[in-house]
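Data first, discussion second: the structure below is written as structure tokens.
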Amino acid sequence: MEMKKIDWFLLYVTIVIGITCLRLSNGYPLELVQFLNGFVELAENMITYFGLTKIYQILQQIPIKWILLLTEGFEFAVGFLILFLFRPQWEQGTMLLLKKGGMVIKTGIALYVMLFAIICIFIYSVVGLPIGTLFLLLQHIAISLGYIPIAVFFGYLLLQQFQIKGEIYLYYMIGTFVMLLFKNVSLIGGAFLFFVFPVLALGVDMLLFIYHFIYQCSFPVEFQEEKKFNRDKIRDIIKKDMERR
């Protein structure tokens with residue numbers, strides 16, 4: 001891995017965080033507050049329509065930190081399972097972050113802005129409300145999947161600083177913890193949660209699709225496990241050699 005590419009990647013992320021923090025420091029725009037209030041009202045109407053009022057009241061009595069902990073734990077478990085089932089694909093997603101960091105961010109920003117505009121257009125129209133909700137759900141699923149290679153990427157970079165070689169699952173666990181810390185950092189946590197990580201996730205998803213299905217090429221995995229020493233095979237070779245003698 002070339003350090004220059006990491007430097008460019010960190011520079012991109014720093015610029016994104018800086019712009020977002022400057023935007024948030026002046027308070028949330030009135031249009032954004034009204035837009036989010038619309039989602040709250042929509043959720044309340046759906047809860048009433050499906051008769052989930054009692055469940056909602058029970059959840060209100062649970063401290064928010066425990067709900068967030070359970071949510072993060074569930075996402076971690078699902079992500080771990082998906083990583084186990086589709087490991088080669090997410091290895092390629094991590095390599096895209098390592099090799100094509102700038103392209104990932106540019107693609108992610110373009111997709112983020114485009115999806116945000118499309119969802120706003122459909123949500124604000126009565127006829128397009130179901131379509132906007134569907135787009136919102138698909139976006140959330142895509143971002144959740146994109147978090148997997150991002151977590152592996154952060155875990156790999158962190159352990160590399162200490163010259164520690166590990167397994168991809170170890171990188172994922174450590175990277176997930178690092179992402180959780182970023183999300184909960186005061187002042188900049190919102191920037192990571194609502195912009196930086198979703199941009200990276202969408203960029204990885206799109207480039208992974210392009211490189212796999214259109215270009216049909218892959219990158220060599222830098223953190224791939226080395227083949228283990230097969231003692232039984234070596235023992236058989238020695239026995240055969242002794243028998244010949």
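When you look at Phe177, is it free of Cβ contacts under 8 Å to residues at least 24 places away in the same chain, open to solvent by 30 Å² or more (accessible area, probe 1.4 Å) and touching a Leu at 6+ places or on another chain (Cβ under 9 Å), yes or no? Against the criterion (free of Cβ contacts under 8 Å to residues at least 24 places away in the same chain, open to solvent by 30 Å² or more (accessible area, probe 1.4 Å) and touching a Leu at 6+ places or on another chain (Cβ under 9 Å)), Phe177 does not qualify.
Filtered by the rule that a residue be more than 14 Å from Pro198 (Cβ to Cβ), without any contact (Cβ under 8 Å) to a residue 60 or more places away in the chain and either of a type in the set (Val, Ile, Thr) or open to solvent by less than 50 Å² (accessible area, probe 1.4 Å) (or both), region 104-129 gives Ala117, Ile118, Ile121, Ser125, Val126, Val127, Gly128. Taking every residue in region 84-103 that is more than 10 Å from Ile148 (Cα to Cα) and pairing it with any residue that is in a helix (DSSP H, G or I) and of a type in the set (Lys, Arg), at least 6 positions away or on another chain, the pairs with Cβ-Cβ distances below 9 Å are Leu98/Lys5; Lys99/Lys5; Lys100/Lys5; Gly101/Lys5; Gly102/Lys5. For region 73-96, the criterion of a residue being in a helix (DSSP H, G or I), open to solvent by less than 60 Å² (accessible area, probe 1.4 Å), modelled with pLDDT under 85 and at negative phi is satisfied by at least one position. Against the definition (in contact with a Phe, Trp or Tyr (Cβ under 7 Å, 6 or more places away or on another chain), free of Cβ contacts under 8 Å to residues at least 24 places away in the same chain and either within 29 Å of Glu222 (Cα to Cα) or not hydrophobic (A, V, I, L, M, F, W, C) (or both)), how does Gly132 come out, yes or no? For Gly132, the condition - in contact with a Phe, Trp or Tyr (Cβ under 7 Å, 6 or more places away or on another chain), free of Cβ contacts under 8 Å to residues at least 24 places away in the same chain and either within 29 Å of Glu222 (Cα to Cα) or not hydrophobic (A, V, I, L, M, F, W, C) (or both) - is met. Restricting attention to region 112-159 and to residues that are more than 16 Å from the chain's Cα centre (by Cα) and hydroxyl-bearing (Ser, Thr, Tyr), the residue that is nearest to Ala191 (Cα to Cα) turns out to be Thr133. Does Leu207 qualify as being part of a helix (DSSP H, G or I) and either out of contact with any Phe, Trp or Tyr (no Cβ under 8 Å at 6 or more places or on another chain) or modelled with pLDDT of 85 or more (or both)? Spelling it out, Leu207 is indeed part of a helix (DSSP H, G or I) and either out of contact with any Phe, Trp or Tyr (no Cβ under 8 Å at 6 or more places or on another chain) or modelled with pLDDT of 85 or more (or both).
The values are calculated or read from the model by the stated rules, or taken from the named source; none is laboratory data. What you are looking at is a predicted structure, and each value in this text was computed from that prediction instead of being measured. Cβ sites come from the backbone with ideal geometry, for glycine too, and all protein chains shown count toward neighbours. Heads up: the accessible areas ignore ligands, DNA and RNA and are worked out on the full protein's heavy atoms, side chains in. Shrake-Rupley method; radii C 1.70, N 1.55, O 1.52, S 1.80 Å.
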